[in-house]
Ligand SMILES: [Zn+2]
């Protein structure tokens, strides 16, 4: 939701009135409450079904091309990794399996994948292979690699998308906005002035100028060249 900020916190000038001036409901100031928009965030109703079921749905995250894997870890991201690993074990090329899973880069402790329900074009995430929800207790070597990969991804995003800004963040716990609470994932997405456009709010849809596969391929190549 948009943050709404009072333009002033001056008290109503009338005697015995406890309201702030802009909120005076007794008509002393004569002015209606005035607000100044302070912050826009991306409003993404199409993500609701995903974030409300991501921790409980069966075999969530298993891509259709990797559905031969019979298991279910009950974690979107572990399912991605395990179904890709299974496919490679059965003879699929590693790159083909990673493409199917939207995995765009693999490092020693962490990997990068595209967000299947993106806030914006180029929305990617950095995750440890290990299934862990806590950043504070993460092994220092893994945490360091996450930050190193965040730098690498930022460079790739800037080079490829030329964004005006970048959001980067961890949502720890459902109350903090995490769709998947059990497995750490550091979001990173390019931003442009005006990208919180009306289509998102009124159309319950979002105009993404490229497909997830195209975005993933561009970033995969960008990261490989870094
Ligand atoms: Zn997991």
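Read the figures in this text as sums done on the coordinates, not as results from a lab. Every value quoted in this text rests on a predicted model; they were computed, and no experiment measured them. All Cβ positions, even for glycine, are placed from backbone atoms using ideal geometry, and neighbour counts span all protein chains on display.
Some notes on this structure:
- Of all residue pairs spaced 6 or more apart or on separate chains, those with beta-carbon atoms under 7 Å, a first member in the range 174-187 that is touching a residue at least 60 places away in the same chain (Cβ under 8 Å) and a second member that is near the ligand (Cβ under 9 Å from one of its atoms) and assigned to a helix (DSSP H, G or I) are 180/76; 180/77; 183/77; 183/78; 185/77.
- The residues of the range 159-185 that are farther than 15 Å from residue 136 by Cβ, part of a helix (DSSP H, G or I) and more than 16 Å from the ligand (Cβ to nearest atom), listed by number, are 159, 160, 161, 175.
- Verdict on residue 87 being more than 16 Å from the ligand (Cβ to nearest atom) and either more than 29 Å from residue 174 (Cα to Cα) or touching a helix residue (DSSP H, G or I) at 6+ places or on another chain (Cβ under 7 Å) (or both): yes
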